[in-house]
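Participant: The structure is given below, and queries will be raised subsequently.
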Amino acid sequence: MSVFCLLWISLFFLFWSALVPYNVEASDACTVILAVILGSVAAITQFFFGNFIAGGTFGKERWIGVFVDLVAVPALSPLFVYALFLLFRIAKDPTGFGSFSLLWLVPSGILRAVQWGVENDPAKLLLIPVLWTCIVVCVSFFICLYLRKKTLVIAVCSCTGIVVIAPLAVTVYWAFFSQIMLVRWAVLAGTLALLICAVVISWLFTAKDGGVQKGGVCNT
């Protein structure tokens with residue numbers, strides 16, 4: 001289980017890079033370096049300082065604690081930082097949210113594998129890396145979907161998907177922790193279905209547009 005947590009993000013990044021190939025310009029190298037550095041700083045900070053919210057036992061307090069410390073905020077932070085990079089023109093590719101965020105999360109996966117391995121918590125070791133991936137890939141996909149076709153219907157669908165995916169992923173872990181059997185399997189299935197759809201459609205966009213692109217909006 002510790003090995004899964006240790007390697008999942010890195011292997012998924014390699015899988016995603018092979019599935020949706022992209023030519024990275026030399027100017028993007030600083031963004032890649034920043035992703036690893038800032039991700040390492042974030043991971044080390046939380047590793048040493050612990051959780052920011054002392055979550056309750058089972059109720060809404062626990063859900064909020066999971067949202068902030070375990071699932072949503074760690075996955076959303078690199079997406080937010082990349083948006084700032086675009087705003088200040090540190091990054092130039094508006095479709096690079098996914099790659100940047102996955103690289104950011106690699107150090108977190110490594111350090112959390114050590115921490116949760118000591119705690120011997122299988123739910124954290126197996127579930128949370130997958131939930132991070134679901135949030136990052138789905139948010140990136142919905143952004144790229146909107147960039148690809150800026151219509152009102154796509155905008156509404158994309159905004160809905162972006163708003164829903166993080167609470168959905170948090171509810172998965174919360175339901176597993178709270179031993180709510182029906183909810184945890186149903187919500188997990190829905191979250192994984194969104195991830196699979198995002199991966200497949202992104203690959204189809206790439207195949208339709210001729211494989212490796214430069215500046216293509218189908219790449220996340």
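Participant: Which ones in the range 81-120 are closer than 22 Å to Leu147 by Cβ and among the hydroxyl-bearing types (Ser, Thr, Tyr)? Talk me through it step by step, then tell me what you get.
Facilitator: Pass one, the range 81-120, residues closer than 22 Å to Leu147 by Cβ: 81-104.
Of everything in the range 81-120, those that are closer than 22 Å to Leu147 by Cβ and among the hydroxyl-bearing types (Ser, Thr, Tyr) turn out to be Tyr82, Thr95, Ser99, Ser101.
Participant: Another question, if that's okay. Pairs needed: first member in the range 61-87, touching a residue at least 40 places away in the same chain (Cβ under 8 Å); second member anywhere, crowded, with 17+ Cβ neighbours inside 10 Å and among the basic types (Lys, Arg); C-beta distance under 8 Å; at least 6 residues apart or different chains.
Facilitator: Note: pairs meeting the criteria are Leu70/Lys124.
Participant: Has the range 134-146 got at least one residue that is surrounded by fewer than 21 Cβ atoms within 10 Å (Cβ to Cβ) and either within 18 Å of Phe15 (Cβ to Cβ) or touching a Cys at 6+ places or on another chain (Cβ under 7 Å) (or both)? Steps first, please.
Facilitator: Taking the range 134-146 and keeping what is surrounded by fewer than 21 Cβ atoms within 10 Å (Cβ to Cβ), we get 146.
When the remaining residues are screened for being either within 18 Å of Phe15 (Cβ to Cβ) or touching a Cys at 6+ places or on another chain (Cβ under 7 Å) (or both), the result is none.
Looking through the range 134-146, none of the residues is surrounded by fewer than 21 Cβ atoms within 10 Å (Cβ to Cβ) and either within 18 Å of Phe15 (Cβ to Cβ) or touching a Cys at 6+ places or on another chain (Cβ under 7 Å) (or both).
Participant: Filter the range 172-187 down to the residues that are free of Cβ contacts under 8 Å to residues at least 24 places away in the same chain and either in contact with a Gly (Cβ under 8 Å, 6 or more places away or on another chain) or not charged (D, E, K, R) (or both) and list them by number.
Facilitator: Of the residues in the range 172-187, the ones free of Cβ contacts under 8 Å to residues at least 24 places away in the same chain are 175, 179-187.
Ala175, Gln179, Ile180, Met181, Leu182, Val183, Trp185, Ala186, Val187 - these are the residues of the range 172-187 that are free of Cβ contacts under 8 Å to residues at least 24 places away in the same chain and either in contact with a Gly (Cβ under 8 Å, 6 or more places away or on another chain) or not charged (D, E, K, R) (or both).
Participant: Return yes when Phe15 is more than 22 Å from Phe80 (Cβ to Cβ), modelled with pLDDT under 90 and out of contact with any strand residue (DSSP E or B) (no Cβ under 8 Å at 6 or more places or on another chain) and no when it is not. Walk me through it before giving the result.
Facilitator: Details: more than 22 Å from Phe80 (Cβ to Cβ): yes; modelled with pLDDT under 90: yes; out of contact with any strand residue (DSSP E or B) (no Cβ under 8 Å at 6 or more places or on another chain): yes.
Answer is yes for this residue.
Participant: Does Ala83 meet the test of being farther than 30 Å from Met1 by Cβ, assigned to a loop (DSSP other than H, G, I, E, B) and of a type in the set (A, V, I, L, M)? It would help to see each step written out before you state the result.
Facilitator: Details: farther than 30 Å from Met1 by Cβ: yes; assigned to a loop (DSSP other than H, G, I, E, B): no; of a type in the set (A, V, I, L, M): yes.
Considered against the rule, which asks whether it is farther than 30 Å from Met1 by Cβ, assigned to a loop (DSSP other than H, G, I, E, B) and of a type in the set (A, V, I, L, M), Ala83 comes out as no.
Participant: Quick one: is Ala207 loosely packed, with under 13 Cβ neighbours inside 10 Å, under 23 Å from Val73 (Cα atoms) and at pLDDT below 90?
Facilitator: Details: loosely packed, with under 13 Cβ neighbours inside 10 Å: yes; under 23 Å from Val73 (Cα atoms): no; at pLDDT below 90: yes.
Spelling it out, it is not the case that Ala207 is loosely packed, with under 13 Cβ neighbours inside 10 Å, under 23 Å from Val73 (Cα atoms) and at pLDDT below 90.
Participant: So, one more: Among the residues of the range 146-171, what is the count of those that are free of Cβ contacts under 8 Å to residues at least 60 places away in the same chain and part of a helix (DSSP H, G or I)? Don't jump to the end; show me each part of the working.
Facilitator: Let us first name the residues in the range 146-171 that are free of Cβ contacts under 8 Å to residues at least 60 places away in the same chain, namely 146, 149-165, 168.
Okay, now just the ones that are also part of a helix (DSSP H, G or I), so 146, 152-165, 168.
Total meeting the criteria: 16.
Participant: Oh, and also: For Leu182, indicate whether it is modelled with pLDDT under 90 and assigned to a helix (DSSP H, G or I). Explain how you work it out, then say what you get.
Facilitator: Details: modelled with pLDDT under 90: yes; assigned to a helix (DSSP H, G or I): yes.
Against the criterion (modelled with pLDDT under 90 and assigned to a helix (DSSP H, G or I)), Leu182 qualifies.
Condition check ((1) more than 23 Å from Thr191 (Cβ to Cβ); (2) outside any helix (DSSP H, G or I); (3) touching an Asp or Glu at 6+ places or on another chain (Cβ under 6 Å)) across all residues:
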| site | (1), (2), (3) |
| --- | --- |
| Pro94 | yes, yes, no |
| Gly98 | no, no, no |
| Ser101 | no, no, no |
| Trp104 | no, no, no |
| Leu111 | yes, no, no |
| Val137 | no, no, no |
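Participant: Could you list, in sequence order, all residues of the range 80-104 that are aliphatic (A, V, I, L, M), more than 12 Å from the chain's Cα centre (by Cα) and under 16 Å from Ile37 (Cβ atoms)?
Facilitator: Taking the range 80-104 and keeping what is aliphatic (A, V, I, L, M), we get 81, 83-84, 86-87, 90-91, 102-103.
Filter once more, keeping what is more than 12 Å from the chain's Cα centre (by Cα): 81, 83-84, 86-87, 90-91.
Within the range 80-104, Val81, Leu84, Ile90, Ala91 qualify.
Participant: Could I ask something else about it? Could you tell me whether any residue of the range 195-204 is part of a helix (DSSP H, G or I), modelled with pLDDT under 90 and over 17 Å from Ser140 (Cβ atoms)?
Facilitator: no
The values are calculated or read from the model by the stated rules, or taken from the named source; none is laboratory data. All values reported here derive from a predicted model rather than from experimental measurement. Note: ideal-geometry Cβ built from the backbone for every residue, glycine included; neighbour counts use all protein chains shown.
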